[in-house]
Each structure stands twice: as structure tokens, then as C-alpha cells.
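Presented below is the structure to which this report refers.
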Amino acid sequence: MALATRVAVLIGGVGGAKLASGLMHVVAPERLTFIVNTGDDFWRLGLKICPDLDTVMYTLAGLVNRETGWGIAGDETAVMDSLEGHYGVEPWFRLGDKDLATHLLRAQGLRQGNSLTEVTDCLARRLGVSARLLPMCDEETPTLVDTADRGELGFQEYFVKHSWRPIVKSIKHKDCEKATMSAPVSSALETADVILIAPSNPWLSVAPILAVPGMRQALKRADAPVVAITPIIAGAAVKGPTAKIMAELGLPVSEAAVARFYGGIIDGFVNDIRNEPLRVEGIRAVRLNTLMTDDAAKAALARDALDWIAGWAA
Ligand code: GDP
């Protein structure tokens, strides 16, 4: 299976973007749709910040800073330096100068009355992205993290300001009941040949997408197999707070706990070769090298996962 397959991917930021770039090598870009978490989004300096949308967009456009996995390569921070140095703006959340160009255009597009779906499409196309990039919904459903030591925090306060140190008690998706699934998201799920859940943080990046009303039902209803890729390798997260949050929520830090979290939605699970075989009822599993250390490993994972799923029909 490859080029002609229509693939829809539920995806977060940096971890998910690695798979996204792998998929670009094995699937025709116009057949790829990324349904991106917007639970991390927030407003700052009059600008709407969409960290996961921008990470995936910059990755697909070949602009991403490959060292950090987010932001634009070679960007500078003259505007932030001035905001902080001259105006005393709190320095905890920073944006590069070139990155600010994206934010200015997004803010303008939204203020003109366009939806986030429309504005994202316009930005991505101007950057030459030929895959479809869709926010999970147009409404704002900010992720709130209730912590033992600092009470309820907005996602970016938890993640960036406090460097995900606070102990997580629970996670909420504010106003998610008011969100609606957009027509492009519905159509991408209905027409896909394969639906993937990227190895993104299940609790912070994928749960907000699943909280959009109708999303779980659409995944269950979809003709396409739904397959998740493990973010947990050898009892740890490759990066970020996934394992820490699992432990704090009282879950075992294991790929099986992730597979169970997606129970009722997924048909298959791409486990890692370093993990024990997965045995969760009703879920097919395979072990592949899911550690995406370079471009070759990213493409190999995308190709091997799609080949495995194609074999189901045989
Ligand atoms: P964020 O929104 O920027 O935090 O990024 P994501 O939610 O998309 O991804 C974070 C998750 O990606 C973490 O749970 C990591 O364990 C996982 N991850 C990062 N790199 C890799 C990798 O190379 N392989 C696998 N299997 N998981 C990865």
C-alpha cells in the first residue's frame, strides 16, 4: 500500500509531525489529511497561537527548526526581545520573528471572519503544503490541566511556563461540548482508506480531538481501519510528559495502557520492537521500529505500518 491510499491522521505536535514527514515520503500528499489538535491553542499579544497546527505545517513545508522540532529554522527573536526588553512583557512564551508573520496573517484572517479551517488552509497552501491540514474543530476548546501543586492551569502555563513539572490530577477540554465536527473533517474520515492516530501524547494531544462531539462515533463508523502508533517505547516516552502524566493519573506506563485508552476506537496498534507483544482483546498488533531518529526511519515506519494494514484485507 502506498501512494494511492487516502490516509487521515489524528495528530498533535512534535511527536506526530515526525510521522507526518514520514508519510509524505510514501503517500501522495494530496491524499493525506492531518486532523490536528487545537486544545493547546491560546491567545497572546492579540494573536491566536496554534502550536500543533504550526508544528505540522512548518514540518510539511520543510521550514521547521529540526533541532527543536517546532518553530522556523534559523528564526530570530528581535520582536520578542523588544517586547520583553522595552515593554516588560513576561518572557515565558516566545515566538520567532518569521513565526510572527504566520500569526499576523492568522489573526487578520480570523478578524475578517474566516474560520480557523479556512485560515489554516490558506496559510498552508501559501507555504506550499499540498497535504490537507485541518484543525480538529473551529471552536475554542482549551485544554485545562488540574494540578496537585498549582491548581488549574491553562495548557501553555502547564507545559511552557511550568515546564510540565506540576503533578496532573485531571485534564479538561473546556467548552468541548459546544464544538462541532467540520465538514472537511467528517469527509476526511468518511473517505479515508486508513485512519492513523500518530504517536502523539494520548492525553494532551489526541484526547482533545476525541472530545469533539461526534468524533468517536465517526471513527467507529468509518469504513477505514483505525490504527494507533505507540508513543511509549520501553516503558518511557520518547520525549515530553506522556509517561509522567500516565503515572500521575495512576496508569501503568505501558503501550497496553495507551491501547486501552483508545479502546473501542482502534482496530490496530503499531507497537515498538523494544516492547513486549501487545495482547489487548479486539486489537490487532504488530511490532515495528517506531523510533523515528532520522528521515529514513520516519519513512520506513510510515511505509511498514501502511503495508501491515494493507495485508489485513488479503
Ligand atoms: P507535542 O504536542 O509537541 O507534545 O507532541 P505530540 O503530542 O505530537 O508528541 C509527543 C509524543 O510523541 C510523546 O509521547 C513521545 O513519546 C512521542 N514520540 C516522539 N518521538 C517519537 C518517536 O520517534 N517514536 C515514537 N513511537 N513516539 C515518539
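The values are calculated or read from the model by the stated rules, or taken from the named source; none is laboratory data. Nothing here was measured: the structure is a model prediction, and the numbers come from that model. Here Cβ is always computed from backbone atoms with ideal geometry, including for glycine, and neighbour counts include all displayed protein chains. Just so you know, the surface numbers come from the protein's heavy atoms only, side chains and all, with ligands and any DNA or RNA stripped out. Shrake-Rupley method; radii C 1.70, N 1.55, O 1.52, S 1.80 Å.
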*Of the residues that make up the stretch 284-303, is at least one open to solvent by less than 30 Å² (accessible area, probe 1.4 Å), farther than 18 Å from ALA237 by Cβ, in contact (Cβ under 8 Å) with a residue 24 or more places away in the chain and assigned to a strand (DSSP E or B)?*
no
*Which of the residues belonging to the stretch 190-207 are outside any loop (DSSP other than H, G, I, E, B), within 10 Å of the ligand (Cβ to nearest atom) and either of a type in the set (S, T, N, Q) or in contact with a helix residue (DSSP H, G or I) (Cβ under 8 Å, 6 or more places away or on another chain) (or both)?*
PRO202, TRP203, LEU204, SER205
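Are any residues in the stretch 236-260 of a type in the set (Asp, Glu) and either open to solvent by less than 30 Å² (accessible area, probe 1.4 Å) or within 13 Å of the ligand (Cβ to nearest atom) (or both), and if so, which ones? Please lay out each step first, then the result.
Of the stretch 236-260, the ones of a type in the set (Asp, Glu) are 248, 255.
Passing the criteria: only GLU255.
Select from the stretch 142-153 the residues that are open to solvent by 20 Å² or more (accessible area, probe 1.4 Å) and within 27 Å of GLY214 (Cβ to Cβ) and list them in ascending order. Before the answer, list the steps.
Here is the first cut: in the stretch 142-153, the residues open to solvent by 20 Å² or more (accessible area, probe 1.4 Å) are 142, 144, 146, 148-152.
Within the stretch 142-153, PRO142, LEU144, ASP146, GLU152 meet the criteria.
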*Here are some conditions: (1) open to solvent by less than 30 Å² (accessible area, probe 1.4 Å); (2) within 30 Å of PRO184 (Cβ to Cβ); (3) free of Cβ contacts under 8 Å to residues at least 40 places away in the same chain. GLU118 meets all but one. Which one does it not meet?*
(1)
*Answer yes if at least one residue in the stretch 86-106 is buried (at least 16 other Cβ atoms within 10 Å of the Cβ), within 13 Å of the ligand (Cβ to nearest atom), polar (S, T, N, Q) and in contact (Cβ under 8 Å) with a residue 12 or more places away in the chain, and no otherwise.*
no
*Number of positions in the stretch 184-209 that are open to solvent by less than 10 Å² (accessible area, probe 1.4 Å) and closer than 21 Å to ILE171 by Cβ*: 8
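Report the residue count in the stretch 212-235 for those that are under 13 Å from PHE261 (Cβ atoms) and either outside any loop (DSSP other than H, G, I, E, B) or more than 10 Å from the ligand (Cβ to nearest atom) (or both).
Selection size over the stretch 212-235: 3.
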*Scope the stretch 121-130; condition open to solvent by 40 Å² or more (accessible area, probe 1.4 Å) and part of a loop (DSSP other than H, G, I, E, B); matching residues*: LEU127, GLY128, SER130
*Under 6 Å by Cβ, and 6 or more places apart or on different chains, what pairs join a residue from the stretch 233-244 that is modelled with pLDDT of 95 or more with one that is within 6 Å of the ligand (Cβ to nearest atom) and among the polar types (S, T, N, Q)?*
THR242/ASN201
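When you scan the stretch 261-268, do you find a residue that is hydroxyl-bearing (Ser, Thr, Tyr), more than 10 Å from the ligand (Cβ to nearest atom) and within 28 Å of MET181 (Cα to Cα), even just one? Lay out the reasoning, then the answer.
Looking only at the stretch 261-268, we keep the residues that are hydroxyl-bearing (Ser, Thr, Tyr), and these are 262.
Narrowing the set further to residues that are more than 10 Å from the ligand (Cβ to nearest atom) leaves 262.
Checking which are within 28 Å of MET181 (Cα to Cα) leaves us with 262.
Yes.
Determine which member of the set LYS220, LYS172 is open to solvent by 40 Å² or more (accessible area, probe 1.4 Å) and within 22 Å of LEU53 (Cβ to Cβ).
On the way: LYS220 fails: within 22 Å of LEU53 (Cβ to Cβ).
Within the list LYS220, LYS172, the selection yields LYS172.
Within the stretch 131-141, is even one residue open to solvent by less than 50 Å² (accessible area, probe 1.4 Å), among the hydroxyl-bearing types (Ser, Thr, Tyr), modelled with pLDDT of 95 or more and part of a loop (DSSP other than H, G, I, E, B)? Can you show your working first?
Quick first cut of the stretch 131-141, residues open to solvent by less than 50 Å² (accessible area, probe 1.4 Å) only: 131, 133-137, 141.
Subset that is among the hydroxyl-bearing types (Ser, Thr, Tyr): 141.
Still in the running and modelled with pLDDT of 95 or more: 141.
Next cut, part of a loop (DSSP other than H, G, I, E, B) only: 141.
Yes, that holds for at least one residue.
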_Within the stretch 238-283, considering residues that are part of a helix (DSSP H, G or I) and in contact with a helix residue (DSSP H, G or I) (Cβ under 9 Å, 6 or more places away or on another chain), the one nearest to GLY69 (Cα to Cα)_ = THR242
